[in-house]
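Just below is one structure, and these are the notes that go with it.
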Amino acid sequence: MGKNKLARFAENLTFEHVLQPTFDQLVNEGLAQRGRWNELLFRREAPLVLELGCGGGEYTVGLARMNPARNYLGVDIKGARLWRGARMAKEEGLTNVGFLRTHVDHLLKCFGPQEVDEIWLTFSDPQLGKPRKRLTSPLFLVRYKEVLKPGGVVHLKTDSPELFEYTLEMIAEHKLPTFEQSANVYADLVKRVSPEEQAVLNIRTYYESMWLEEGRTIHYVRFGVL
Ligand SMILES: C[S@@+](CC[C@H](N)C(=O)[O-])C[C@H]1O[C@@H](n2cnc3c(N)ncnc32)[C@H](O)[C@@H]1O
């Protein structure tokens with residue numbers, strides 16, 4: 001393993017805003033923060049927003065900068081990636097940002113019923129050969145429904161036409177409400193939304209920047225899970 005990665009793992013252990021539960025803690029003991037993220041990590045009551053598969057946490061940190069009255073938690077399995085966001089948040093003194101290193105499959109072990117206000121899925125792996133593993137598969141939609149508050153929303157931003165189309169099919173099949181939808185965020189959506197929404201959509205993650213340089217089109221849909 002590279003020295004850089006080891007240094008990041010070591011620094012993650014020193015961050016109070018980074019949680020790295022063990023399998024035993026999740027499955028046998030139960031995570032203390034489950035249902036109590038606002039109280040135990042953020043130490044204040046505020047809407048809780050998740051970014052699943054956050055990578056370097058660009059959305060988590062970007063949204064947290066724009067919305068100090070909300071709490072943001074980035075979730076990823078790769079500690080060396082989420083270290084970037086954790087470091088950035090610490091350097092900027094952002095107290096409304098946290099990171100959770102875990103597998104997204106453990107969502108229900110990490111969050112209590114109706115604990116979450118919004119979920120962001122940013123450039124999630126399209127899992128072309130394994131639809132069940134997609135973060136908008138029925139398996140995940142059921143989990144989102146459990147952790148989201150009534151009226152809670154899911155945002156999907158992706159370069160993958162397959163994941164975008166698949167998500168629209170799942171929305172239609174499950175008769176879910178769609179609040180916003182665009183097959184081309186920068187040619188279409190940013191031109192017809194408020195300046196605040198434009199700023200949100202203009203946050204660029206590491207992967208998005210790469211795909212834009214390659215000339216790929218970015219898709220977005222915001223929907224509810226009822
Ligand atoms: C294509 S990257 C996108 C990262 C970031 N959202 C961005 O846009 O730059 C997908 C991310 O999802 C994470 N990921 C994939 N499967 C995961 C899982 N089952 N649990 C947690 N994280 C996962 C990967 O580690 C990776 O950081």
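Those residues that are surrounded by fewer than 17 Cβ atoms within 10 Å (Cβ to Cβ) and either under 21 Å from Ala10 (Cβ atoms) or touching a strand residue (DSSP E or B) at 6+ places or on another chain (Cβ under 9 Å) (or both), I need them from the range 66-79; list them, please.
Within the range 66-79, the subset surrounded by fewer than 17 Cβ atoms within 10 Å (Cβ to Cβ) is 66-70, 77-78.
Those that are surrounded by fewer than 17 Cβ atoms within 10 Å (Cβ to Cβ) and either under 21 Å from Ala10 (Cβ atoms) or touching a strand residue (DSSP E or B) at 6+ places or on another chain (Cβ under 9 Å) (or both): Asn67, Arg70, Ile77, Lys78.
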*Since Leu82 meets every condition but one in (1) within 12 Å of the ligand (Cβ to nearest atom); (2) not in a helix (DSSP H, G or I), which condition does it not meet?*
(2)
*Determine the pairs where a residue that is closer than 25 Å to Gly152 by Cβ and of a type in the set (A, V, I, L, M, F, W, C), located within the range 203-226, has a partner that is within 14 Å of the ligand (Cβ to nearest atom) and part of a strand (DSSP E or B) with Cβ atoms under 6 Å apart, the partner being 6 or more residues away or on another chain.*
Val221/Leu156
*So Ser160, is it at pLDDT 95 or above and closer than 21 Å to Gly55 by Cα*: yes
_Lone qualifier among Leu100, Leu82 - being touching a strand residue (DSSP E or B) at 6+ places or on another chain (Cβ under 9 Å), over 19 Å from Asn38 (Cα atoms) and buried (at least 18 other Cβ atoms within 10 Å of the Cβ)_ = Leu82
_From Thr102, Thr95, residue being of a type in the set (Val, Ile, Thr), farther than 26 Å from Arg134 by Cα and either within 12 Å of the ligand (Cβ to nearest atom) or at pLDDT 95 or above (or both)_ = Thr95
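Quick grid of which residues meet (1) among the basic types (Lys, Arg); (2) surrounded by 18 or more Cβ atoms within 10 Å (Cβ to Cβ); (3) in a helix (DSSP H, G or I):
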| residue | (1), (2), (3) |
| --- | --- |
| Leu6 | no, no, yes |
| Leu13 | no, no, yes |
| Asn38 | no, no, yes |
| Arg44 | yes, no, no |
| Val49 | no, yes, no |
| Cys54 | no, yes, no |
| Tyr59 | no, yes, yes |
| Leu63 | no, yes, yes |
| Met88 | no, yes, yes |
*Go through the range 15-36 and give me each residue that's in a loop (DSSP other than H, G, I, E, B) and within 15 Å of the ligand (Cβ to nearest atom).*
Gln20, Pro21
_Scan of the range 37-62 for residues that are within 15 Å of the ligand (Cβ to nearest atom) and acidic (Asp, Glu), ordered by number_ = Glu51, Glu58
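Going through Leu94, Leu63, Leu82, Leu100 one at a time, which residue ends up being aliphatic (A, V, I, L, M) and farther than 21 Å from Glu11 by Cα?
The conditions single out Leu63.
Here are some residues: Pro195, Pro150, Pro161, Pro177. Which one is in contact with a His (Cβ under 9 Å, 6 or more places away or on another chain), more than 14 Å from Trp120 (Cβ to Cβ) and either surrounded by fewer than 17 Cβ atoms within 10 Å (Cβ to Cβ) or aliphatic (A, V, I, L, M) (or both)?
Pro161
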*Across the range 116-144, what is the number of residues that are of a type in the set (Gly, Ala, Ser) and more than 8 Å from the ligand (Cβ to nearest atom)?*
2
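The values are calculated or read from the model by the stated rules, or taken from the named source; none is laboratory data. Not measured: the values here are computed from a predicted model. Because the Cβ atoms are built from the backbone with ideal geometry, glycine has one as well, and the counts that use them run over all protein chains shown.
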